[in-house]
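A short write-up of the structure that comes next.
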Amino acid sequence: MNENSKIVELRQPGAMDDPLTSILRHGARQLLARAIEAEVADFLSDHADLKLPDGRDRLVRHGFGPSRSIQTGIGPVEVRRAKVRDRGLEASGEDRITFTSAVLPRWARRTKSLDALLPVLYLRGISSGDFQEALGALLGKDAPNLSPSVVGRLKEEWQVDYDRWQRRDLSARRYVYIWADGVYLQARMEEDAACMLVVIGATPEGRKELVGFQVGVRESAQSWRELLVDLKARGLSIAPRIAVGDGALGFWKALEELFPSTRHQRCWQHKVLNVLNKVPKSVQPNMKADLREIRDAPDRASAEAAIGVFVDKYAVKYPKAVDCLTKDRDELLAFFDFPAEHWDHLRTSNPIESVFATVRHRTVRSKGSLSHKTARLMVFKLVMSAAKTWRRLKGENQLPRVIAGVKFTDGVAESTTPANRAA
């Protein structure tokens, strides 16, 4: 379609494009060409004072590079890279001045948004061989520059990012709260499932960050100890105020050795499931409601009273369920000694569980074809991707008081007047 033509070619049978998409691509080509021309004009204007001995401009336009196709969200768009010639190189011997477009990098084949989309598709279940078919309706019939080798290069980049992240300095970091969990992923034909150990922390500003991550041998104390030792070796010297996790004894033993002052908070989500697993399914709905009443109690006294009712109600017929709950009574109720605004965050390790749900989906989609190395990189990239959308802690203004050691009773600071007590 010519630039001044008002005739729109209709879609042919079997073609993937439609008139609207053609118009969009035509407009994208024009806008891209104008943007590149504007860049060249600004570049030449900035160097207009550079002259040759005979008075001519040293930098001049030098046509265009070969036409190439850039894969975008609306399909392939044909573009040409503008060129600038430095005529003063031979005469003066100075270093060559080159023009590099910020809009159209020299070796670009896809837009950055599409580069971000490819790993998301792969991690969410689209195999490397299915990219062209999956994206054909959006990007055009052939969908070039999306071959399986693209995923191989992506994984190499992920490895570099992971290695750099594992070496980062933590001496300037502090985490008020941390969440810890480990999830097993079966990889290929390997006998042992990979155990991903993850630690997420809350900064004094209320932001959540990925703090530590590695593949462990089960959730053993030694594996957790290695992770925590590595964090301390890279500068994380200030102990978190409280750690949230499930009942895996390995983590708590390692935490007690390396950060003995950190309080323990059991994850209620894990605890409820553990208790319900010890009773028949017919009893689980009523018992689950009773457990939620304990978890959502407005203060410690009400929670203790609800635990007493739970014991009286189920101790005779279901002693194992009662023991499972009462043996961690203090760790389950530790959140009452912290700001009420933070209770929703401290009662569960869900920030980690929600990320692993996506990883499990990818493992099922690939029928366990992931190696331990690929699984590790996948979890790392998923967590880092999810971290961009993590919300701040509610009531982040209370975190400085927690850091300062202010004592909280039933979610309220001791200095707070009774009228301001949280419900």
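Within the shell of other residues whose beta carbon sits under 11 angstrom from the beta carbon of Arg85, the net charge comes to +3, with Lys and Arg scored +1 and Asp and Glu -1. Straight-line cross-link partners of Lys253 among the lysines, defined as a Cα under 26 Å from its Cα and at least 8 positions apart when in the same chain: Lys208, Lys232, Lys271, Lys278, Lys320, Lys327, Lys407. From the square roots a ≥ b ≥ c of the eigenvalues of the alpha-carbon gyration tensor of the range 266-362, which class results: rounded (a/c under 1.5), prolate (a/b over b/c), or oblate? In terms of gyration-tensor shape, oblate. From the Kirkwood radius over Cα pairs of the range 221-292, Stokes-Einstein at 10 °C and 1.306 mPa s returns a whole-number translational diffusion coefficient of 113 µm²/s. So if R0 is 22 Å, what FRET efficiency would Val406 and Lys232 give, r being the distance between their Cβ atoms, rounded to the nearest 0.05? Computed FRET efficiency for Val406 and Lys232 comes out at 0.25.
Potential lengthening of the chain between Ala35 and Asn286 amounts to 83.9 nm, from the contour at 0.36 nm per residue minus the alpha-carbon distance.
Under a 5 Å amide H cut-off, with hydrogens placed 1.01 Å from N, Thr409 pairs with Glu414 among residues at least 5 apart or on other chains. Computed from the Cβ-Cβ distance with R0 of 41 Å, the FRET efficiency linking Asp57 to Glu209 stands at 0.20.
Applied to the range 314-324, the Karplus parametrisation 6.51 cos²θ - 1.76 cosθ + 1.60 on θ = phi - 60° returns per-residue 3J(HN,Hα) values of 10, 4, 5, 8, 10, x, 5, 5, 5, 5, 4 Hz, with x for Gly and Pro. Suppose R0 equals 35 Å. What FRET efficiency, 1/(1 + (r/R0)^6) with r the Cβ-Cβ distance, do Asp95 and Val160 give to the nearest 0.05? Here the calculated transfer efficiency is 0.75.
In order along the range 395-410, phi translates into HN-Hα couplings of x, 5, 5, 7, 4, x, 6, 5, 4, 6, x, 5, 8, 10, 10, 6 Hz, rounded to whole numbers, per the Karplus curve 6.51 cos²θ - 1.76 cosθ + 1.60 with θ = phi - 60° and x for Gly and Pro. Max-minus-min Cα coordinates of the range 281-322 on each principal axis give 29, 18, 12 Å, with the largest extent listed first.
Under the classification rounded if a/c is under 1.5, otherwise prolate if a/b is larger than b/c and oblate if not, where does the range 179-330 fall, given a ≥ b ≥ c as square roots of the Cα gyration tensor eigenvalues? Oblate, because a/c is 1.5 or more while a/b does not exceed b/c. Annotation for Lys388 and Asn277: the two label points, set 7 Å from Cα along the Cα-Cβ direction, are 3.6 nm apart.
Of the peptides 37-46, 263-272, the ranking by mean beta-carbon count within 10 Å, highest at the top, reads 263-272, 37-46.
Taken together, the values in this text are just the output of simple stated rules run on the coordinates, not laboratory data. Treat the numbers as computed from the prediction; the structure is a model and nothing was measured. When we count neighbours, we look across all protein chains shown, and the Cβ atoms used for this are built from the backbone with ideal geometry, even at glycine.
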